[in-house]
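> This structure is in structure tokens; I'll ask about it shortly.
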């Protein structure tokens, strides 16, 4: 059976992000038979759900998820839907509450593409929000306490009961990602 890993980047980022490239290199080198999918997630939240639902549905077999920030929100959504394992990196939980500051015009950090975040986008996030984690053992949550975007205490509370790897310091980018690749592969049982 095919083993698929879906890596979801964060808000206003791309498949070209530093962590995505590091993870891609790691999987190609250590686990060449695994299918790794790193989509460029559409900047439109509405379009992104359709895009990611189609991608995940098209790739049958074992499905594992990894996501950073808003990508952690998507990874949680799919992990709950498929009762799959997920690795979350400084994840956004309940993002519709914290993203109001981005309403209006934004620029994708990676592609320089301009896009608009609308109230409808926030409503779609709310409709698809995971309000409760049903199988905490399916999750490994990687956090750095120096995250200045999402307070780590909030993440601890939301993902209560999950597996955690907490690093003192760091940033929202999760600076120590490269050092955690072995922990990730062990958790996913690659």
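The values are calculated or read from the model by the stated rules, or taken from the named source; none is laboratory data. Computed from a prediction, not measured in an experiment: that's the story for all the values here. Here Cβ is always computed from backbone atoms with ideal geometry, including for glycine, and neighbour counts include all displayed protein chains.
> Among the listed residues 20, 92, 75, identify the single one that is surrounded by 24 or more Cβ atoms within 10 Å (Cβ to Cβ), under 20 Å from residue 167 (Cβ atoms) and modelled with pLDDT under 95.
Numbers: 20 fails: modelled with pLDDT under 95; 75 fails: modelled with pLDDT under 95.
Answer to the selection: 92.
> Quick check, is residue 125 closer than 23 Å to residue 53 by Cβ and under 16 Å from the mean Cα position of the chain (by Cα)?
Yes, satisfied.
> Quick check on residue 61: is it in contact (Cβ under 8 Å) with a residue 40 or more places away in the chain and surrounded by 21 or more Cβ atoms within 10 Å (Cβ to Cβ)?
No.
> Here's something else I'd like to know. State all residues of region 114-144 that are surrounded by 13 or more Cβ atoms within 10 Å (Cβ to Cβ) and assigned to a loop (DSSP other than H, G, I, E, B); if no residue qualifies, say none.
Once the filter is applied, which keeps residues that are surrounded by 13 or more Cβ atoms within 10 Å (Cβ to Cβ) and assigned to a loop (DSSP other than H, G, I, E, B), region 114-144 yields 118, 128, 129, 130, 133, 135.
> For region 99-135, name all the residues that are without any contact (Cβ under 8 Å) to a residue 24 or more places away in the chain and touching a strand residue (DSSP E or B) at 6+ places or on another chain (Cβ under 6 Å).
103, 105, 114, 116
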